[in-house]
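A.B. asks: Let me begin by handing over the structure; questions about it come next.
The values are calculated or read from the model by the stated rules, or taken from the named source; none is laboratory data. Everything numeric in this text was worked out from a predicted model, so none of it was measured. Heads up, the Cβs are rebuilt from the backbone with ideal geometry, glycines too, and the neighbour counts pull from every protein chain shown. The area values use the complete protein model at the heavy-atom level, side chains included, leaving out ligands, DNA and RNA. Shrake-Rupley method; radii C 1.70, N 1.55, O 1.52, S 1.80 Å.
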Amino acid sequence: MSAVSAAAVPARAAAAPSEGARDGQNAQNSQEAAGLREPAPLAARARLLPSLAAVYRAQLSRARVARIPLLFVATFQSIGIMILMRGVVDGGSEARAVVSGASVLVVAFVALNLLAQYFGALRASGGLDHYATLPVPPAAVVLGAAGAYASFTVPGTIVTAVAGSVLFGLPMTHLWVLLAVIPLAGAALAGLGAALGLLAPRPELATLCGQLGMSAALLLGVLPAERMPALVAYARDLLPSTYGVEALTRSFDEHPDWLAVGVNLGVCAAVGVVSLAAATWAYRRAAVR
């Protein structure tokens, strides 16, 4: 009996380390499980300017194929309107207004109309979910898309302004003002178009809003302001493209009033900031729904 007891003691002593090892293993597993429950640190959020450049390049490459034919349509449309108005307007301030309005109309067609349709379709198809998962600021998405669409208006606007100057015999000495009119009017109209597309509950309504906005830019921008009723003139002052049209119109004078040109461009820039801020808010609102 004593021999059996003596043999059992070493057996229990040998089993004791195994139980201790199991306890240690259980403790280690508990620590690992607790570590797995802790949220992993997220990567740093992308900065605004690099994100803006990336979205701009992506939108530019995408729109290069899909939007160039529509840019030709916008340019030919504006030139056709000027040819029609040539039979009504001979020259003077009315001719300057027609050429300026037709030139900015190219910006309205692309930056306002097409961008409203794009964001409306993007929201309806769930494409905003893709952008919402990216670690980029909402402002980069809106500004990148708006900048890409506004960039496509540059050749068409220049061609329209030059053709209109030749058609109506206007001086082209100060057409460099377009270098300021295109980005500022483009920002204002692109922000408005993006906001309309993001706030519209259905893509059909976004298309309708874009078409109505472009029609307003056509009627209130191309027609001379002197011939408009007072009520329509007030509505013209609410349109963002009006100030780009006014700045370009004054640049056709023999001795332009540069202070008035600068004031109109400043108002256009301020409206652009407000409209892009509204578009960014609309994007945040649409992305979380």
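A.B. asks: Given ALA15, ALA95, ALA53, ALA46, which one is at pLDDT 85 or above, open to solvent by less than 50 Å² (accessible area, probe 1.4 Å) and among the small types (Gly, Ala, Ser)? Give the steps one after another, and end with the answer.
C.D. replies: Details: ALA15 fails: at pLDDT 85 or above; ALA53 fails: at pLDDT 85 or above; ALA46 fails: at pLDDT 85 or above.
Result of the check over ALA15, ALA95, ALA53, ALA46: ALA95.
A.B. asks: If you don't mind, there's one more thing I want to ask. Against the definition (within 19 Å of GLY272 (Cα to Cα), at pLDDT 90 or above and of a type outside the set (Ser, Thr, Tyr)), how does GLY197 come out, yes or no?
C.D. replies: Criteria met by GLY197.
A.B. asks: If you don't mind, there's one more thing I want to ask. Check whether at least one residue in the stretch 137-154 is under 28 Å from SER251 (Cα atoms) and more than 14 Å from the chain's Cα centre (by Cα), and report yes or no.
C.D. replies: Within the stretch 137-154, one or more residues are under 28 Å from SER251 (Cα atoms) and more than 14 Å from the chain's Cα centre (by Cα).
A.B. asks: Which residues, counting only those in the stretch 200-218, are open to solvent by 30 Å² or more (accessible area, probe 1.4 Å) and in contact with a Gly (Cβ under 9 Å, 6 or more places away or on another chain)?
C.D. replies: Result: ARG202, PRO203, GLU204, LEU205, THR207, CYS209, LEU218.
A.B. asks: Identify, please: which residue in the stretch 129-139 is open to solvent by less than 70 Å² (accessible area, probe 1.4 Å) and modelled with pLDDT under 80 and is, among those, farthest from ALA277 (Cα to Cα)?
C.D. replies: LEU134
A.B. asks: While we're looking at this one, here's another question. Considering the stretch 72-117 alone, what residues qualify as being hydroxyl-bearing (Ser, Thr, Tyr) and free of Cβ contacts under 8 Å to residues at least 12 places away in the same chain?
C.D. replies: none
A.B. asks: Name the pairs whose Cβ atoms lie under 7 Å apart, with the first residue in the stretch 124-143 and assigned to a helix (DSSP H, G or I), the second surrounded by 13 or more Cβ atoms within 10 Å (Cβ to Cβ) and of a type in the set (D, E, K, R), and 6 or more positions between them or separate chains?
C.D. replies: Here the result reads PRO138/ARG284, each pair linking the stretch 124-143 to a residue that is surrounded by 13 or more Cβ atoms within 10 Å (Cβ to Cβ) and of a type in the set (D, E, K, R).
A.B. asks: Tell me the residue from LEU220, LEU189 that is more than 30 Å from ASP129 (Cα to Cα), of a type outside the set (Ser, Thr, Tyr) and either in a helix (DSSP H, G or I) or in contact (Cβ under 8 Å) with a residue 12 or more places away in the chain (or both), please.
C.D. replies: From the options LEU220, LEU189, the qualifying one is LEU220.
A.B. asks: Also, I was wondering about something else. Look through VAL154, VAL159 and report the one residue that is closer than 30 Å to GLY127 by Cα, in a helix (DSSP H, G or I) and either of a type in the set (Ser, Thr, Tyr) or open to solvent by 50 Å² or more (accessible area, probe 1.4 Å) (or both). Working first, answer last.
C.D. replies: Values: VAL159 fails: closer than 30 Å to GLY127 by Cα.
Only one candidate passes the filter, namely VAL154.
A.B. asks: Working only within the stretch 228-252, note down all residues that are free of Cβ contacts under 8 Å to residues at least 12 places away in the same chain and open to solvent by 40 Å² or more (accessible area, probe 1.4 Å).
C.D. replies: PRO229, ALA230, LEU231, TYR234, ASP237, LEU238, listed by residue number.
A.B. asks: Out of LEU198, LEU212, report the one residue that is free of Cβ contacts under 8 Å to residues at least 12 places away in the same chain and either part of a helix (DSSP H, G or I) or hydrophobic (A, V, I, L, M, F, W, C) (or both).
C.D. replies: LEU212
A.B. asks: While we're here: Just the residues that are modelled with pLDDT of 80 or more and either among the aromatic types (Phe, Trp, Tyr) or open to solvent by 40 Å² or more (accessible area, probe 1.4 Å) (or both), please, taken from the stretch 56-78.
C.D. replies: Matches in the stretch 56-78: TYR56, ARG57, ALA58, PHE72, VAL73, PHE76, GLN77.
A.B. asks: Here is a further query. Scanning the stretch 171-185 for residues that are of a type outside the set (A, V, I, L, M) and part of a loop (DSSP other than H, G, I, E, B), which turns out surrounded by the most Cβ atoms within 10 Å (Cβ to Cβ)? Show your work before the answer.
C.D. replies: Taking the stretch 171-185 first, the residues of a type outside the set (A, V, I, L, M) are 171, 173-174, 176, 183.
Then keep just the ones that are part of a loop (DSSP other than H, G, I, E, B); that gives 171, 173-174.
Working: PRO171: 12, THR173: 11, HIS174: 16.
Across the stretch 171-185, the extreme among qualifying residues is HIS174.
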